[in-house]
Amino acid sequence: MGIRGCDSRCIFSGSRGEVCTFEPLMQAGFENPLSKFVIVALATLSKVIVVSIRPKLKVLFTQPLAAGPTTLPLLAWQMVIIQTTSNEKIVDPVLTFGRGEEISFYQTTCSEKSSVQFLPLRKVRTSFSMLSLHWINPRTLVLLDTREKLHVMDVRSQEELESIDLGGVKLVYASSHFKGLATGGNVSRGFVSSAFCFS
(Lines give C-alpha, C1' and ligand atoms only; values in the text may rest on other atoms or scores of the structure.)
Protein backbone atom coordinates (compact mmCIF):
# COMPACT_ATOMS: atom_id res chain seq x y z
CA MET A 1 0.00 0.00 0.00
CA GLY A 2 2.91 2.35 -0.61
CA ILE A 3 4.77 1.95 2.68
CA ARG A 4 7.28 -0.57 3.98
CA GLY A 5 6.54 -2.54 7.08
CA CYS A 6 4.02 -4.96 8.45
CA ASP A 7 1.23 -4.31 10.89
CA SER A 8 -1.53 -6.87 11.31
CA ARG A 9 -4.81 -6.85 13.19
CA CYS A 10 -7.47 -9.54 13.12
CA ILE A 11 -10.83 -8.18 11.94
CA PHE A 12 -12.37 -11.52 10.95
CA SER A 13 -11.42 -14.96 12.28
CA GLY A 14 -13.11 -17.18 9.70
CA SER A 15 -14.86 -19.23 12.39
CA ARG A 16 -18.20 -18.24 10.83
CA GLY A 17 -17.17 -18.96 7.26
CA GLU A 18 -14.78 -17.60 4.69
CA VAL A 19 -14.54 -14.16 3.15
CA CYS A 20 -16.00 -14.91 -0.27
CA THR A 21 -15.35 -11.61 -2.03
CA PHE A 22 -13.72 -8.25 -1.51
CA GLU A 23 -13.78 -4.98 -3.44
CA PRO A 24 -11.48 -1.98 -2.95
CA LEU A 25 -12.99 1.48 -3.43
CA MET A 26 -11.26 2.99 -6.49
CA GLN A 27 -11.40 6.81 -6.39
CA ALA A 28 -8.85 7.83 -9.03
CA GLY A 29 -9.97 10.94 -10.90
CA PHE A 30 -12.57 12.00 -8.31
CA GLU A 31 -12.18 14.89 -5.86
CA ASN A 32 -13.86 13.71 -2.69
CA PRO A 33 -13.25 14.01 1.09
CA LEU A 34 -12.95 10.20 1.08
CA SER A 35 -9.82 10.41 -1.11
CA LYS A 36 -7.59 10.36 1.99
CA PHE A 37 -8.95 6.91 2.91
CA VAL A 38 -8.07 3.49 1.51
CA ILE A 39 -11.31 1.52 1.88
CA VAL A 40 -12.04 -2.15 1.19
CA ALA A 41 -15.40 -3.95 1.36
CA LEU A 42 -15.43 -7.66 2.33
CA ALA A 43 -18.34 -10.09 2.27
CA THR A 44 -18.80 -13.38 4.06
CA LEU A 45 -21.82 -15.65 3.83
CA SER A 46 -23.36 -13.84 6.78
CA LYS A 47 -22.07 -10.26 6.76
CA VAL A 48 -20.68 -7.31 4.78
CA ILE A 49 -17.70 -5.64 6.47
CA VAL A 50 -16.11 -2.39 5.25
CA VAL A 51 -12.67 -1.47 6.59
CA SER A 52 -10.39 1.53 6.26
CA ILE A 53 -6.76 0.48 5.73
CA ARG A 54 -5.32 4.00 5.67
CA PRO A 55 -4.83 6.37 7.39
CA LYS A 56 -5.82 3.99 10.21
CA LEU A 57 -7.03 0.40 10.22
CA LYS A 58 -10.63 0.55 11.35
CA VAL A 59 -13.93 -1.25 10.77
CA LEU A 60 -16.27 1.38 9.27
CA PHE A 61 -19.46 -0.56 8.57
CA THR A 62 -21.05 -3.99 9.06
CA GLN A 63 -24.36 -5.30 7.79
CA PRO A 64 -25.93 -8.77 8.09
CA LEU A 65 -26.34 -10.59 4.78
CA ALA A 66 -28.80 -13.47 4.85
CA ALA A 67 -29.86 -15.83 2.06
CA GLY A 68 -29.86 -19.53 1.20
CA PRO A 69 -26.63 -21.47 1.83
CA THR A 70 -26.01 -22.05 -1.88
CA THR A 71 -25.82 -18.35 -2.82
CA LEU A 72 -22.69 -16.21 -2.71
CA PRO A 73 -22.44 -12.59 -1.55
CA LEU A 74 -21.84 -9.97 -4.23
CA LEU A 75 -20.15 -6.55 -3.92
CA ALA A 76 -19.61 -3.56 -6.21
CA TRP A 77 -18.68 0.12 -5.82
CA GLN A 78 -19.71 2.96 -8.14
CA MET A 79 -19.12 6.72 -8.04
CA VAL A 80 -22.57 8.32 -8.42
CA ILE A 81 -23.84 11.89 -8.68
CA ILE A 82 -26.28 12.38 -5.81
CA GLN A 83 -28.58 15.37 -5.40
CA THR A 84 -28.84 16.58 -1.80
CA THR A 85 -31.93 18.06 -0.14
CA SER A 86 -30.51 21.56 -0.79
CA ASN A 87 -30.38 20.84 -4.58
CA GLU A 88 -26.60 20.53 -4.46
CA LYS A 89 -24.97 17.78 -6.53
CA ILE A 90 -22.15 15.74 -5.03
CA VAL A 91 -20.19 12.73 -6.27
CA ASP A 92 -20.07 9.97 -3.65
CA PRO A 93 -19.29 6.26 -3.88
CA VAL A 94 -22.23 3.90 -3.58
CA LEU A 95 -21.61 0.47 -2.09
CA THR A 96 -23.87 -2.13 -3.66
CA PHE A 97 -24.14 -5.58 -2.15
CA GLY A 98 -26.51 -8.46 -2.48
CA ARG A 99 -27.10 -12.13 -2.04
CA GLY A 100 -29.82 -14.36 -3.39
CA GLU A 101 -32.62 -12.06 -4.63
CA GLU A 102 -31.94 -8.83 -2.71
CA ILE A 103 -29.65 -5.88 -3.53
CA SER A 104 -28.83 -3.04 -1.10
CA PHE A 105 -27.42 0.41 -1.97
CA TYR A 106 -25.52 2.54 0.56
CA GLN A 107 -24.11 6.02 -0.06
CA THR A 108 -20.63 6.39 1.43
CA THR A 109 -19.88 9.90 2.63
CA CYS A 110 -17.41 11.74 4.85
CA SER A 111 -18.72 14.12 7.51
CA GLU A 112 -17.07 17.38 8.55
CA LYS A 113 -15.48 15.53 11.49
CA SER A 114 -13.77 13.14 8.98
CA SER A 115 -15.92 10.20 10.00
CA VAL A 116 -17.06 7.86 7.23
CA GLN A 117 -20.80 7.20 7.14
CA PHE A 118 -22.89 4.69 5.18
CA LEU A 119 -26.37 6.00 4.41
CA PRO A 120 -28.99 3.52 3.17
CA LEU A 121 -30.43 4.56 -0.21
CA ARG A 122 -32.67 1.66 -1.22
CA LYS A 123 -33.21 -2.07 -1.40
CA VAL A 124 -34.24 -3.88 -4.56
CA ARG A 125 -35.76 -7.34 -4.75
CA THR A 126 -35.26 -9.26 -7.99
CA SER A 127 -37.38 -12.08 -9.39
CA PHE A 128 -34.29 -14.30 -9.74
CA SER A 129 -31.32 -15.51 -7.72
CA MET A 130 -28.09 -13.69 -8.60
CA LEU A 131 -24.67 -15.09 -9.47
CA SER A 132 -22.96 -11.82 -10.37
CA LEU A 133 -23.51 -8.08 -10.02
CA HIS A 134 -21.60 -5.27 -11.82
CA TRP A 135 -22.06 -1.56 -12.55
CA ILE A 136 -21.52 -0.54 -16.18
CA ASN A 137 -22.15 3.18 -15.53
CA PRO A 138 -23.57 5.29 -12.67
CA ARG A 139 -27.16 4.47 -13.68
CA THR A 140 -26.97 0.88 -14.89
CA LEU A 141 -26.39 -2.48 -13.20
CA VAL A 142 -25.79 -5.80 -14.92
CA LEU A 143 -26.95 -8.91 -13.06
CA LEU A 144 -26.34 -12.54 -13.97
CA ASP A 145 -28.85 -15.04 -12.61
CA THR A 146 -28.58 -18.75 -11.83
CA ARG A 147 -30.26 -19.63 -15.16
CA GLU A 148 -27.43 -17.87 -17.04
CA LYS A 149 -29.54 -14.88 -18.04
CA LEU A 150 -27.96 -11.44 -18.04
CA HIS A 151 -30.28 -8.67 -16.81
CA VAL A 152 -29.55 -4.98 -17.53
CA MET A 153 -31.28 -2.81 -14.92
CA ASP A 154 -31.81 0.94 -14.61
CA VAL A 155 -31.05 1.63 -10.95
CA ARG A 156 -33.22 4.72 -10.50
CA SER A 157 -36.39 3.32 -12.03
CA GLN A 158 -35.55 -0.32 -11.11
CA GLU A 159 -36.72 -1.18 -14.62
CA GLU A 160 -35.18 -4.11 -16.50
CA LEU A 161 -33.89 -2.65 -19.77
CA GLU A 162 -32.80 -5.90 -21.40
CA SER A 163 -32.43 -9.61 -20.71
CA ILE A 164 -29.97 -11.79 -22.64
CA ASP A 165 -29.61 -15.58 -22.48
CA LEU A 166 -25.93 -16.48 -22.01
CA GLY A 167 -26.44 -20.26 -22.32
CA GLY A 168 -24.32 -20.29 -25.49
CA VAL A 169 -21.33 -18.68 -23.74
CA LYS A 170 -20.62 -21.97 -21.91
CA LEU A 171 -19.88 -20.69 -18.40
CA VAL A 172 -17.66 -23.03 -16.37
CA TYR A 173 -18.80 -23.70 -12.80
CA ALA A 174 -17.03 -24.95 -9.68
CA SER A 175 -13.42 -24.67 -10.81
CA SER A 176 -10.74 -26.28 -8.63
CA HIS A 177 -10.12 -22.96 -6.84
CA PHE A 178 -13.70 -22.74 -5.58
CA LYS A 179 -14.05 -26.43 -4.77
CA GLY A 180 -11.18 -26.03 -2.31
CA LEU A 181 -9.29 -29.08 -3.60
CA ALA A 182 -6.08 -27.77 -2.01
CA THR A 183 -7.75 -27.79 1.42
CA GLY A 184 -9.62 -31.09 1.12
CA GLY A 185 -12.85 -29.48 -0.09
CA ASN A 186 -13.31 -27.38 3.05
CA VAL A 187 -15.44 -24.59 1.56
CA SER A 188 -19.03 -23.49 2.03
CA ARG A 189 -21.92 -24.82 -0.06
CA GLY A 190 -22.16 -21.37 -1.65
CA PHE A 191 -18.69 -21.75 -3.17
CA VAL A 192 -19.27 -25.31 -4.35
CA SER A 193 -22.59 -24.68 -6.09
CA SER A 194 -22.49 -21.05 -7.17
CA ALA A 195 -18.93 -20.14 -8.06
CA PHE A 196 -18.12 -19.78 -11.73
CA CYS A 197 -15.64 -18.33 -14.19
CA PHE A 198 -15.83 -17.58 -17.92
CA SER A 199 -14.28 -20.11 -20.28
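The values are calculated or read from the model by the stated rules, or taken from the named source; none is laboratory data. No experiment lies behind these values; they were computed from the predicted model shown. In this analysis, Cβ positions are derived from the backbone assuming ideal geometry, glycine residues included, and neighbour counts consider all displayed protein chains. Keep in mind that these areas ignore ligands, DNA and RNA; they rest on the heavy atoms of the full protein, side chains included. Shrake-Rupley method; radii C 1.70, N 1.55, O 1.52, S 1.80 Å.
Going by the conditions given, is Glu18 farther than 20 Å from Gln117 by Cβ, at pLDDT 85 or above and open to solvent by 20 Å² or more (accessible area, probe 1.4 Å)? Walk me through it before giving the result.
Details: farther than 20 Å from Gln117 by Cβ: yes; at pLDDT 85 or above: no; open to solvent by 20 Å² or more (accessible area, probe 1.4 Å): yes.
The answer is no for Glu18.
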Ala66 fails exactly one of (1) among the aliphatic types (A, V, I, L, M); (2) under 16 Å from the mean Cα position of the chain (by Cα); (3) over 25 Å from Ser129 (Cα atoms); (4) open to solvent by 50 Å² or more (accessible area, probe 1.4 Å), namely (3)
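Considering only residues that are not polar (S, T, N, Q) and not in a loop (DSSP other than H, G, I, E, B), look in region 103-118 and name the one that is modelled with the lowest pLDDT. Walk me through it before giving the result.
Initial filter on region 103-118 (not polar (S, T, N, Q)): 103, 105-106, 110, 112-113, 116, 118.
Pick out the ones that are also not in a loop (DSSP other than H, G, I, E, B) and you get 103, 105-106, 110, 116, 118.
Working: Ile103: 96, Phe105: 96, Tyr106: 96, Cys110: 87, Val116: 91, Phe118: 95.
The extreme case among them is Cys110.
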Scanning region 79-95 residue by residue, those touching a Ser or Thr at 6+ places or on another chain (Cβ under 7 Å) and not aliphatic (A, V, I, L, M) turn out to be Asp92, Pro93
Restricting region 103-156 to residues that are in contact with a Lys or Arg (Cβ under 9 Å, 6 or more places away or on another chain) and of a type in the set (Phe, Trp, Tyr), the one most open to solvent (accessible area, probe 1.4 Å) turns out to be Phe128
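Tell me yes or no: at least one residue of region 101-109 is among the hydroxyl-bearing types (Ser, Thr, Tyr), touching a Pro at 6+ places or on another chain (Cβ under 6 Å) and under 20 Å from Leu65 (Cβ atoms).
Taking region 101-109 as the starting set, the residues that turn out to be among the hydroxyl-bearing types (Ser, Thr, Tyr) are 104, 106, 108-109.
After this cut, where a residue has to be touching a Pro at 6+ places or on another chain (Cβ under 6 Å) as well, the list is 106, 108.
Checking which are under 20 Å from Leu65 (Cβ atoms) leaves us with 106, 108.
Among the residues of region 101-109, at least one is among the hydroxyl-bearing types (Ser, Thr, Tyr), touching a Pro at 6+ places or on another chain (Cβ under 6 Å) and under 20 Å from Leu65 (Cβ atoms), which makes the answer yes.
Could you run through region 81-102 and say how many residues are without any contact (Cβ under 8 Å) to a residue 24 or more places away in the chain and part of a strand (DSSP E or B)?
Applying the first criterion (without any contact (Cβ under 8 Å) to a residue 24 or more places away in the chain) to region 81-102 yields 83-90.
With part of a strand (DSSP E or B) added as a condition, the list becomes 83, 89-90.
The number of residues fulfilling the criteria is 3.
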For region 77-102 the number of residues that are crowded, with 20+ Cβ neighbours inside 10 Å and under 19 Å from Asp145 (Cβ atoms) is 5
Note on region 140-174: residues touching a residue at least 24 places away in the same chain (Cβ under 8 Å), in a loop (DSSP other than H, G, I, E, B) and touching a strand residue (DSSP E or B) at 6+ places or on another chain (Cβ under 9 Å) are Thr146, Val155, Gln158, Leu171
